[in-house]
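Notes for the one structure printed next.
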Ligand code: GLU
């Protein structure tokens, strides 16, 4: 028999924006679908009406698209199992619930919330875990939809295999009569996702750690429905930078769209998100999307929490930026130039970009890193005073060095080679360290705390601009 076509899904609840931790299971599911030439399905789990945040369904879709995680079936594009919005699938949950009722495996919960609370407290007093099934009503009420509908579980031990966590087992004490349909008519996640995953023919359920404790109950429900469970893979939490708590928005984990807006590359974001817990067993850290599709595997996802480190993301993005051909990078950064660059030719801007490509970590830095190529920034003597090495020199010494630099630059034809040679001669002539001489010339000609290689920078600024700025610096030192 041919194996079933792989179908994975991402099933977020529209309760807010997606931070990079929350979108990781989507990336895993997308990769598994792509590497098996299968289908990736998007389903919105909007049955908790109290927690729903307006617009977040759209926001989630925009985030997935921005990362290039296109889905084959979903609420916006439909598909063979339409609808893909749980709130529009209520009939389906009712029909399956009825089958359970008919089989004697579901019953109306007759208790008020206060009564259930008192059972809970009683269990606490007796230092017993609370199990609803210890309070199953003797008589069954006909379910009219105004009470919660509960699953009548059949407690037993379970052993199962999780594609990430490995072999797992639990005893019968974790099995309980959970709610299938709430009194507001909406199904619980616990029930709805099982019906949807079945009807949508999902082969791999890849989700976060918060659901693992409920898996035995899901297995019990599968048996009651006489259906077989999909492959399950539980991704450990993404932890905050301290490596202790689960990553939250408070840890600075931003909305995926914010990163895209700041000029993080979708490929780098996907690479970073996958690397939260996965590696290919070698030292390689930077992967193209194609490489990830080939190499990713659930069984190499680590079982313990991975931590989120934004600096690592910036480093990784820088690596992806360096790997881009200059012309391609140029097209991508079009919205990020400083205002002063407008009116400058593409050719000039490409040269500037070529010089900063090496150190650019994300596009939003471009403006800051390149402004001095387009305008004279005001002289800022603090750049000298606050510099560890230059700060020790007296104004008189700074003046002498700058005057010598001026003579050297006046003689140069401003090719990179000529500038390199002459600057090296000047280094010998003044017996200075590059950290002093070159930093001083760099600051004088850019008025920026950091700049690319000196000879290249000067060559691109040109002779006139470089000498004018040296002159401005000398004037400031004199006053
Ligand atoms: N709606 C659930 C959530 O957003 C989905 C869990 C799952 O992937 O099954 O947490």
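The values are calculated or read from the model by the stated rules, or taken from the named source; none is laboratory data. Predicted model only: the values in this text are computed from it and were never measured. Cβ placement follows ideal geometry from the backbone for every residue including glycine, while neighbour counts extend to all protein chains displayed.
If you take the residues in the range 196-207 that are within 12 Å of the ligand (Cβ to nearest atom) and part of a helix (DSSP H, G or I), which one is farthest from residue 230 (Cα to Cα)?
Here the answer is 196.
Can you say whether residue 149 is within 29 Å of the chain's Cα centre (by Cα), more than 16 Å from the ligand (Cβ to nearest atom) and either within 30 Å of residue 50 (Cβ to Cβ) or at pLDDT 95 or above (or both), as far as the supplied structure shows?
No, not satisfied.
It is to be established whether one or more residues within the range 76-91 are more than 20 Å from residue 22 (Cα to Cα), crowded, with 20+ Cβ neighbours inside 10 Å and at pLDDT 95 or above.
yes
Here is a check on your reading of the model: is residue 109 more than 13 Å from the ligand (Cβ to nearest atom), more than 26 Å from the chain's Cα centre (by Cα) and buried (at least 22 other Cβ atoms within 10 Å of the Cβ)?
Spelling it out, residue 109 is indeed more than 13 Å from the ligand (Cβ to nearest atom), more than 26 Å from the chain's Cα centre (by Cα) and buried (at least 22 other Cβ atoms within 10 Å of the Cβ).
Look at residue 272 and say whether it is assigned to a loop (DSSP other than H, G, I, E, B), under 19 Å from the mean Cα position of the chain (by Cα) and at negative phi.
The answer is no for residue 272.
Could you give every pair whose Cβ atoms fall below 8 Å, whose first residue belongs to the range 5-19 and is farther than 23 Å from residue 34 by Cα, and whose second residue is more than 9 Å from the ligand (Cβ to nearest atom) and part of a strand (DSSP E or B), counting only separations of at least 6 or pairs across chains?
Qualifying pairs under 8 Å: 17/255.
What's the number of the condition residue 435 fails, among (1) under 24 Å from residue 460 (Cβ atoms); (2) at pLDDT 95 or above; (3) within 45 Å of the chain's Cα centre (by Cα)?
Status for residue 435: all satisfied but (2).
Conditions first: (1) surrounded by fewer than 16 Cβ atoms within 10 Å (Cβ to Cβ); (2) closer than 23 Å to residue 202 by Cβ; (3) out of contact with any strand residue (DSSP E or B) (no Cβ under 8 Å at 6 or more places or on another chain). Residue 300 passes all but one, so which condition is the exception?
(3)
Select from the range 227-242 the residues that are closer than 27 Å to residue 32 by Cα and in a loop (DSSP other than H, G, I, E, B) and write down the one among them that is modelled with the lowest pLDDT.
240
Can we say residue 201 is surrounded by fewer than 17 Cβ atoms within 10 Å (Cβ to Cβ) and either in contact with a strand residue (DSSP E or B) (Cβ under 7 Å, 6 or more places away or on another chain) or more than 25 Å from residue 30 (Cβ to Cβ) (or both)?
yes
Let me spell it out: the conditions are (1) more than 21 Å from residue 258 (Cβ to Cβ); (2) within 13 Å of the ligand (Cβ to nearest atom); (3) in contact with a helix residue (DSSP H, G or I) (Cβ under 9 Å, 6 or more places away or on another chain), and residue 51 meets all of them except one. Which number is the exception?
That leaves (3) as the condition not met.
When the range 189-226 is examined, which residues are found to be touching a residue at least 12 places away in the same chain (Cβ under 8 Å) and farther than 20 Å from residue 170 by Cβ?
Of everything in the range 189-226, those that are touching a residue at least 12 places away in the same chain (Cβ under 8 Å) and farther than 20 Å from residue 170 by Cβ turn out to be 192, 195, 196, 197, 198, 199, 200, 201, 202, 203, 204, 206.
Just give me the residues in the range 152-195 being in a loop (DSSP other than H, G, I, E, B), within 16 Å of the ligand (Cβ to nearest atom) and either modelled with pLDDT under 95 or farther than 19 Å from residue 232 by Cβ (or both), in sequence order.
182, 186
I want to confirm something. Restricting to the range 208-218 and keeping residues that are near the ligand (Cβ under 9 Å from one of its atoms) and part of a helix (DSSP H, G or I), which single residue is nearest to the chain's Cα centre (by Cα)?
Result: 210.
Quick one: which residue in 358, 347, 339 is within 21 Å of residue 267 (Cβ to Cβ) and over 21 Å from the mean Cα position of the chain (by Cα)?
358
Restricting attention to the range 1-47, report how many residues are in a strand (DSSP E or B), closer than 22 Å to residue 275 by Cα and within 11 Å of the ligand (Cβ to nearest atom).
Number satisfying all stated conditions: 3.
Which of the residues spanning the range 298-311 are under 20 Å from residue 282 (Cα atoms) and in a helix (DSSP H, G or I)?
298, 299, 300
Is there a residue in the range 145-158 that is more than 30 Å from residue 302 (Cα to Cα), free of Cβ contacts under 8 Å to residues at least 24 places away in the same chain and surrounded by fewer than 15 Cβ atoms within 10 Å (Cβ to Cβ)?
no
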